[in-house]
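Everything on this sheet refers to the single structure shown next.
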Amino acid sequence: MVRVLKLELKGITKRFGSLVANDHIDVVVEPGQIHCLLGENGAGKSTLMNVLYGLYEPTEGEILIDDKPVTFRGPGDAMAAGIGMVHQHFMLVPVFTVAENVALGAETTKTGGFLDLEDTRRKIREISDRYGFDVDPDALIEDLPVGVQQRVEIIKALVRDAKVLILDEPTAVLTPQDTDELLDIMRQLKSHGTSIVFISHKLREVKAVSDTITVIRRGKVVGTADPGASTTELASMMVGRAVSLTLDKAPANPQETTFEVKDLTVIAPSGQHVVDGISFGIARGEILAVAGVQGNGQTELTEAILGLQERVHGSITLDGEELLGSSVKDVLNAGVGFVPEDRSLDGLIGTFSIAENLILDRYDRAPFAKGISMSPAKVLENAKTRIEEFDVRTPSGMLAAGTLSGGNQQKVVMARELSRPLRLFIASQPTRGVDVGSIEFLHKRIVAERDHGTPVMIVSTELDEVIELADRIAVLYKGRLVGIVPAGTGRDVLGLMMAGVSPDEAQADAAGKHAAPSLSENPAGNAAENPAENPAETPATNPAPAAPSVQEPRSGAVGDPHE
Amino acid sequence: MSTTATSPVQGKPQPEKNGGPAVSAKPVTWKLPVTLSVLATLAFIFFGLLGPQGNAKFGVSSGGDFFQLPAIEVPAFLSGIVLSMILLGLAGYALVLKARNNQRPPRWVPAVFTVVFVVAFLIWVVGGARTPSISLAGLIAGSVTLAVPIVFGSLSGVLCERAGVVNIAIEGQLLGGAFTAALVASLTHNPYLGLLAAAVAGALVSMVLALFSIKYVVNQIIVGVVLNVLVSGLTGFLFSTVMQSDPEKYNSPGELPNIDIPVLSGIPVIGPILFKQSVVGYLMYIAVIVIWIGLFKTKWGLRVRAVGEHPQAADTLGIKVNATRFWNVTIGGAVAGIGGSFFTLVAIDSFTKEISGGRGFIALAAMILGRWNPIGAFFAALLFGFADNLQSIVTIIGTPVPSQFMAMLPYVVTVFAVAGLVGRSRPPAADGIPYVKG
């Protein structure tokens, strides 16, 4: 690792048809730096990196390495030039071993084209030892936890002698603990001379490791920022206007428990118990947030409640009425509102108009239907009121729902589900891929529904959102309920619970760590304070407060207003 | 703040250590024990209680062997009873394991069960025949012979699907190979040129599949089916217009010679299978081994499998996904074409309409049963060859079972084998999904 290189993107423009994803972007990555590209989802960060990695050809502009222009015809060229990339969705073959994945595309061979995996194994052990990765070259990828898979991706780039490593939203799939470890790894890589381009929209992480921050909005560079800048400053640069990062939420006023889940088990087609003996209850007027790393049974839990899962045991009661075994339609008619996690797949019919999407669950009854005929006038009228009420930005309710932005699509789904009297409201990933402005609005609506006296269940993989909305927090791990803790429980405690540690142990563990605050796990508790009042906070100087702090969780989402 | 004591779990959460596996194992079902029990009972009634009284005779050696082993002669009724008792015992063992310990029976149980069942079935069929004697060596050697085109077909399937393209057109590739081999060998009076032409013809059929499914992203199943119909129609038309007009000139390809390897071919049972084969037969063994080594031991194979499993990952590592697919499909076609030449250059020395008779589809089943592995596919194809050969031998010696039922045997085996075992096999993840960049 002697050679370091300077990377420069000059006037990069990428158009897809009429859409301009990148508009004359200039970025300089100095050698040995962690350079952050900060921007909302859809701002054009990933497109830019795919251009740099040779996956897309830029419409205009050039890439300079050590001040010499280069053209990449494919990822092979980029890799040869010393650029490595860890994609947001890992590019690993699940049925291959670590060594096979690392070797792929850059195989060492014996005579006759026979694979020499021993050579690859040696290289993996070498890198693994240098950075303390602890990766077994002969493990199958599909058996490895996500955090380890990510390290395999990093090894893949390092084996190819990457001098610049692009990390595309690397923390999206990680637990808070894994995230801290990754940030540590990034610092180590930097100290070994590897430059890093870190793509993220999570302000806390960005502030913790970056040397330089370039903010991108709507495909354009809107400026550079100093990592010392406050989170509110960064957030408003990212969004383009002043944003309120805190949710004004009155304390909950829980009444009687009307929704109860007992010993719920969901069996996947593979025979695996994806939800395993879960019991909890939600009272009227409270929000229960279900936290956990993606794929720990949250999807199946919500689908089981709605009646979408086939092999379910246990009981689900709403106002004493058993929901299990009823059809989806009966469950909806019982007063369950449901916002699915993937709105474009399960929440909307993209080719249908907004107006039609708004009555998908009530198309067959008055006032929209009479006998076998529908009343388009009533449908449009309904659309008009809903669009206004939910601030859906669209010129007309006749437009196809698929043409709306993510945030507006989500508002349509939410408007439909909240427009009838509810006895239970479930929202899965209510603000995933939604712009900051819409997040505020959606969160307010959810809280309003709670204050209306409805039991509310929120499923989110974003810890910030959980902390912001929850009155109580249930943590799922591998299909089991690790525990239910009060709102205001420390971020680090929740993080440990998300990795399967019981609440008691997690609290003891977190308290122990605070005795000797380490650099890596800084931001955990800080966000519980209002960073607006504390703009100069830096990772190293701020020991986290003792956990768990029992206080209003309202300012929790500051670090990550997005998603 | 607002913590209501509504949850039964709250306060005493289930302890779980970090990383502790909470994933429950796949539940053990009653399927296998019950199936075994039903089959064992049927075996006991038919092979045992209702078994024939005579003896069944199995020849082991053939004429050319350098030493002769005596034929095995067994009393049909007695062995029927004994073997079906063993079957009942195995089924009972599986039932007890499930009922008492909720355990899956060990893997050898269904394997031994299958072997014993087949032996009992053979004794029953032969014992009840008009001439209760068959040659075991002939039965096995014949199975291999009948399996040759199926093996080539399934290898073609393996090559295509490992790279992520579904190849339904195996039937068409076999048929195209058979026709071209006959035509070219007749015109040039050289069966070796016919063999080569068959490979080219198979590759051409495959290139059409590759072009449409990869370049134009047409549904691969539809292209495959259409190609089968196209080749069938084309060869049928050319057969009746060209070949029939002058069979001497256009449809007398001559045979590829059988090559006996001295000494080795004289070993009883094994000799005729391994060392007394046609050129195509030897090519089959070579192809199975070469493709297996290629797929699992070389750089080429690693890349092919990556393209079939996760094309995007391969692309980000600089591997040309669609080019890899194109050439794999083409090579697969050539392999199937060689298999097709077996019909016209080895088995029968002339072409007739639909000479491949659906073996391309059996090959597809063999590929699935063999779990997309060349060696697995080889043995699966052998199983179908065995069923095919058994039905023809059994029809010849005359049995109480109507021959129409015996003729169904290979297809019944196909359905059961694939239905029963496919649940546990996993196709390449990107099989049949076209790769479009960006």
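The values are calculated or read from the model by the stated rules, or taken from the named source; none is laboratory data. Everything quoted here is computed from the prediction, not taken from an experiment. Cβ atoms come from the backbone with ideal geometry, glycine included; neighbour counts cover every protein chain shown.
Per this entry, B:Ala287 is counted among residues that are surrounded by fewer than 24 Cβ atoms within 10 Å (Cβ to Cβ), modelled with pLDDT of 95 or more and part of a helix (DSSP H, G or I). Across segment B:347-355, not a single residue is classified as in a helix (DSSP H, G or I), modelled with pLDDT of 90 or more and surrounded by fewer than 23 Cβ atoms within 10 Å (Cβ to Cβ). Considering only residues in segment A:251-266 that are among the β-branched types (Val, Ile, Thr) and more than 8 Å from every other protein chain (Cβ to nearest Cβ), the one that is farthest from A:Val312 (Cα to Cα) turns out to be A:Thr258.
Restricting to segment A:297-325, give me the number of residues that are assigned to a loop (DSSP other than H, G, I, E, B) and either away from chain B (no Cβ under 12 Å) or touching a Ser or Thr at 6+ places or on another chain (Cβ under 9 Å) (or both).
Just the residues of segment A:297-325 that are assigned to a loop (DSSP other than H, G, I, E, B), to begin with: A:297, A:307-311, A:319-320, A:323-325.
Next cut, either away from chain B (no Cβ under 12 Å) or touching a Ser or Thr at 6+ places or on another chain (Cβ under 9 Å) (or both) only: A:307-311, A:319-320, A:323-325.
Residues meeting the conditions: 10.
Inside segment A:367-379, residues that are more than 39 Å from the chain's Cα centre (by Cα) and either aliphatic (A, V, I, L, M) or assigned to a strand (DSSP E or B) (or both) make up a count of 6.
Restricting to segment A:208-232, and then to whatever is part of a helix (DSSP H, G or I) and either on the phi > 0 side of the Ramachandran plot or at pLDDT below 90 (or both), can you tell me which residue is surrounded by the most Cβ atoms within 10 Å (Cβ to Cβ)?
Taking the candidates together, the pick is A:Thr231.
A single member of B:Leu36, B:Leu32, B:Leu69 is at pLDDT 80 or above and either within 34 Å of the chain's Cα centre (by Cα) or part of a strand (DSSP E or B) (or both), and it is B:Leu36. Going through (1) within 14 Å of another protein chain (Cβ to nearest Cβ); (2) of a type in the set (A, V, I, L, M); (3) under 29 Å from the mean Cα position of the chain (by Cα); (4) surrounded by fewer than 22 Cβ atoms within 10 Å (Cβ to Cβ) one by one, A:Ala81 falls short only on (3).
Candidates in segment A:137-176 are the residues that are within 14 Å of chain B (Cβ to nearest Cβ) and among the basic types (Lys, Arg); of these, the one that is surrounded by the fewest Cβ atoms within 10 Å (Cβ to Cβ) is A:Arg160.
The combined condition, being within 30 Å of the chain's Cα centre (by Cα), within 19 Å of A:His192 (Cβ to Cβ) and surrounded by fewer than 18 Cβ atoms within 10 Å (Cβ to Cβ), is fulfilled by A:Asp134. Whether a residue is touching a residue at least 24 places away in the same chain (Cβ under 8 Å) and either among the small types (Gly, Ala, Ser) or in a helix (DSSP H, G or I) (or both) was assessed, and A:Val447 passes this test.
Which residues, taken from segment B:310-321, are touching a residue at least 40 places away in the same chain (Cβ under 8 Å) and either buried (at least 21 other Cβ atoms within 10 Å of the Cβ) or more than 7 Å from chain A (Cβ to nearest Cβ) (or both)? Passing the criteria: B:His310, B:Pro311, B:Asp315, B:Val321.
Conditions tested, residue by residue: (1) at negative phi; (2) surrounded by 20 or more Cβ atoms within 10 Å (Cβ to Cβ).
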site	(1), (2)
A:Leu9	yes, yes
A:Thr13	yes, no
A:Phe16	yes, no
A:Leu19	yes, no
A:Asn22	yes, yes
A:Val28	yes, no
A:Ile34	yes, yes
A:Leu37	yes, yes
A:Gly42	no, no
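Annotation note: of B:Ser2, B:Ser7, the sole residue that is modelled with pLDDT under 80, closer than 30 Å to A:Gln507 by Cβ, within 12 Å of chain A (Cβ to nearest Cβ) and touching a Phe, Trp or Tyr at 6+ places or on another chain (Cβ under 6 Å) is B:Ser7.
Here is a list: A:Gly17, A:Gly32, A:Gly42. Which entry is at pLDDT below 90, within 13 Å of chain B (Cβ to nearest Cβ) and out of contact with any Cys (no Cβ under 8 Å at 6 or more places or on another chain)?
Working: A:Gly32 fails: within 13 Å of chain B (Cβ to nearest Cβ); A:Gly42 fails: within 13 Å of chain B (Cβ to nearest Cβ).
Result of the check over A:Gly17, A:Gly32, A:Gly42: A:Gly17.
Which one of these is in contact with a Phe, Trp or Tyr (Cβ under 9 Å, 6 or more places away or on another chain) and surrounded by 18 or more Cβ atoms within 10 Å (Cβ to Cβ): A:Ile305, A:Ile278? Steps first, please.
Details: A:Ile278 fails: in contact with a Phe, Trp or Tyr (Cβ under 9 Å, 6 or more places away or on another chain).
Just a single option satisfies the conditions, and that option is A:Ile305.
Looking at segment A:419-427, can you tell me whether even one residue there is farther than 23 Å from A:Asn253 by Cβ, buried (at least 17 other Cβ atoms within 10 Å of the Cβ), free of Cβ contacts under 8 Å to residues at least 60 places away in the same chain and of a type outside the set (A, V, I, L, M, F, W, C)? No, every residue in segment A:419-427 fails to be farther than 23 Å from A:Asn253 by Cβ, buried (at least 17 other Cβ atoms within 10 Å of the Cβ), free of Cβ contacts under 8 Å to residues at least 60 places away in the same chain and of a type outside the set (A, V, I, L, M, F, W, C). Would you be able to tell me the number of residues in segment A:332-353 that are more than 22 Å from A:Ser460 (Cβ to Cβ), part of a loop (DSSP other than H, G, I, E, B) and not aliphatic (A, V, I, L, M)? Number satisfying all stated conditions: 4.
Quick check on segment A:438-453: of everything there that is surrounded by fewer than 18 Cβ atoms within 10 Å (Cβ to Cβ) and of a type in the set (Gly, Ala, Ser), which residue is nearest to A:Leu38 (Cα to Cα)? Restricting to residues being surrounded by fewer than 18 Cβ atoms within 10 Å (Cβ to Cβ) and of a type in the set (Gly, Ala, Ser), the top hit is A:Ala448. Here the condition is being touching a helix residue (DSSP H, G or I) at 6+ places or on another chain (Cβ under 6 Å) and either surrounded by fewer than 22 Cβ atoms within 10 Å (Cβ to Cβ) or under 28 Å from B:Ser278 (Cα atoms) (or both); of B:Gly164, B:Gly176, B:Gly127, B:Gly138, it holds for B:Gly176 alone. Go through A:Thr317, A:Thr394 for me and flag whichever is surrounded by 14 or more Cβ atoms within 10 Å (Cβ to Cβ), out of contact with any Phe, Trp or Tyr (no Cβ under 7 Å at 6 or more places or on another chain) and more than 19 Å from A:Leu418 (Cβ to Cβ). Going through A:Thr317, A:Thr394 in turn, the sole match is A:Thr317. I need every pair where a residue in segment B:239-267 that is touching a residue at least 40 places away in the same chain (Cβ under 8 Å) has its Cβ under 6 Å from the Cβ of a residue that is assigned to a loop (DSSP other than H, G, I, E, B) and among the hydrophobic types (A, V, I, L, M, F, W, C), sequence separation at least 6 or different chains. Once the first residue is touching a residue at least 40 places away in the same chain (Cβ under 8 Å) and sits in segment B:239-267, its partners that are assigned to a loop (DSSP other than H, G, I, E, B) and among the hydrophobic types (A, V, I, L, M, F, W, C) give B:Asn251/B:Phe351; B:Ser265/B:Phe275; B:Gly266/B:Phe66.
Can you tell me which residue within segment B:322-333, out of those that are under 9 Å from B:Ala203 (Cβ atoms) and surrounded by fewer than 24 Cβ atoms within 10 Å (Cβ to Cβ), is farthest from the chain's Cα centre (by Cα)? Only one residue fits best here, namely B:Thr330. Scanning segment B:225-275 for residues that are under 27 Å from B:Thr188 (Cβ atoms) and buried (at least 19 other Cβ atoms within 10 Å of the Cβ) turns up B:Leu227, B:Val231, B:Thr235, B:Phe239, B:Met243, B:Tyr250, B:Asn251, B:Pro253, B:Leu256.
Considering (1) modelled with pLDDT under 95; (2) more than 14 Å from chain A (Cβ to nearest Cβ); (3) within 19 Å of B:Gly370 (Cα to Cα), the lone condition that B:Lys297 does not fulfil carries the number (2).
I want to confirm something. Restricting to segment A:91-115 and keeping residues that are in a loop (DSSP other than H, G, I, E, B), at pLDDT below 90 and surrounded by fewer than 21 Cβ atoms within 10 Å (Cβ to Cβ), which single residue is nearest to the other protein chains (Cβ to nearest Cβ)? Top of the filtered list is A:Glu107.
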